[in-house]
1. For region 400-479 and region 270-345, what is the separation of their Cα centres, given in Å?
2. On full extension of the chain, what length is gained from Ser129 through Asp163, given 0.36 nm per residue of separation minus the C-alpha to C-alpha distance?
3. Quick check: the angle from helix 175-198's long axis to the longest principal axis of the chain, C-alpha only, nearest 10 degrees?
4. Hey, what's the chain come to in accessible area per residue, 1.4 Å probe, Å²?
5. Please name which of Leu452, Gln377, Phe354 has its Cα lying farthest along the dipole of the chain towards the positive end, using unit charges on Cβ (Lys, Arg +1; Asp, Glu -1) and the Cα centre as origin.
6. Angle, helix 4-16 long axis vs. longest principal axis of the chain, Cα atoms, 0 to 90°, nearest 10?
7. If you take P(r) over Cα pairs in 20 Å bins from 0, in percent from the coordinates, which of (i) 21, 54, 23, 2; (ii) 25, 57, 18, 0; (iii) 21, 42, 22, 13, 2, 0 do you get?
8. Round to the nearest 10 and give me the degree value, 0 to 90, for the angle of helix 244-254's Cα axis relative to the longest principal axis of the chain.
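The values are calculated or read from the model by the stated rules, or taken from the named source; none is laboratory data. Since we're looking at a predicted model, the values are computed, not measured. As a convention, Cβ positions derive from the backbone with ideal geometry for all residues, glycine included, and neighbour counts pool all protein chains shown. We work out accessible area using only protein heavy atoms, side chains counted, and drop any ligands, DNA or RNA first. Shrake-Rupley method; radii C 1.70, N 1.55, O 1.52, S 1.80 Å.
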Amino acid sequence: MDNTNDTRRFVLTIAALILLFVTFFLTGCATVETRPAAPKDDVLTACRTLYQEVDAAIDRAGVRDYGSSPVRDFPYLRTTRLLASFRGELATQTHWAAWTTHMADLDAESRALELRNLPTSLENRHNGSLGEELNRCRERLLAADLTQPERRTMLRDAARVPDDYVTWWQVLGLYPLTAPFVSTRISAWHTETHDSFATPLAILPVAGELVRWASSPGALLTTPQVGEILHRSLDPLGIPMPTGTDLDRLFDTFAPVWEVDVIDNNDRIGMARWDNGPVVDVTRPTLYRKVSHTRFGNQVLLQLNYVVWFPARPGNDIYAGQLDGLNWRVTLGPDGEPWLYDVMHNCGCYHEFFPSHHLRLRNDLPTFYFEPPLLPQLAPEQQPLVLRIAPRTHYIQRIYHDKSPPELLPTAQQLAWEDYDVLRSLPTADGYHSMFGRHGLIVGTKRPERFLLWPMGIRSPGAMRQWGRHATAFVGRRHFDDAFLIESLFTRVP
């Protein structure tokens, strides 16, 4: 990366052999046509212009994906809270290469989905070449920027993810005065939850019928096997990145059993579809899987996310509305054992933690304008775990391991599985449509509670939203994907 002139000559030589470019001509909401070849000394400028025009067309069509965050002045990169946390730790060229590759991959993935989600009439004009041209431009721009120390400095500073709180709402809503009232209600909910978990499992009330859903596991991994997969999949930044069969076996090994008190179809797990709006098809129960990571000390820990959707949270209270869902997450230590389980509703609400014997709550947590984490119980040591779920509210009521002999276990309905990212581009009658809209919110899932809780600064409290956009604390600021979330709340048990 120190041979600046050689790198530039190489980039310009290759660029001169390629016909350039496709550009967007915005008519109505957007159109795309082919750009004549540019002079070779204008290659990088033409690439930057192409990205600007594509971004403008995507925004005009309203198909921006919010799963990762754009990097200011580097339109060919996107980042996450995890990747942003490495900004000040890039000590070697290998670190830089791994870091920028991750961000380039995020942009390539997001743009492919955004282009596919464009109206069909526009996509037909791409002729399949726009995505390829953007990918070639990404390689050229990244290679050129990494040779310039000033651009590297700019990139370090720009690779940030803004939090999902709106500060001026908090100012306008007199946050210092209103937050204590919200804290009081949160404390009451914590007490109600602890009381529910203190009720013996055998006498937990059942309003309907207990129904179990589970995926079909293959051969389950032992703890040493899990540790081996994590170790051999480490990238240069120390991020475990298992793929293929290894990743499938990890998800199978730690998959929970979903035990739901079913009153009606609103309590049945289904498959998310787009039919002039988001719907959940309960005839096709589906589990959505997603990989994430968190940092703890000098290590990066793998997290397995299991996401399910319900058609609605029914009722006449301020929390009711279309669609509901749960995100169960397993954080694996480098030794291959689960260190922590946590769960939230897909609105970012009702975040609960279930630590293993490896972790305990920190004793130096803030007490002033801070929402304490909810720990209803310690995590059982054996797999699989059963998640007992209440009807209508879909609150977690208990986490337990069913020790019944196999022949006495209740029959579970089969869950198909999908990658969570399919939700970002669902097939429709005339093309594709993301389940998520502006700011990652799902249209049609607003809750009345937003009229009371907006002074806390969270956009549309209670509405379902995209992974990576979950603010999980009303008092204080906390995100489900904060890079140091677990370290900020827990410490290792010696």
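1. With region 400-479 and region 270-345 each reduced to a Cα centre, they are spaced 6 Å.
2. 8.8 nm
3. Its long axis makes an angle of about 50 degrees.
4. Per-residue value: 45 Å².
5. My answer, from the dipole projection, is Leu452.
6. 80 degrees
7. Computing P(r) over Cα pairs in 20 Å bins from 0, in percent and matching it to (i) 21, 54, 23, 2; (ii) 25, 57, 18, 0; (iii) 21, 42, 22, 13, 2, 0 gives (i).
8. That helix lies at roughly 20 degrees to the long axis.
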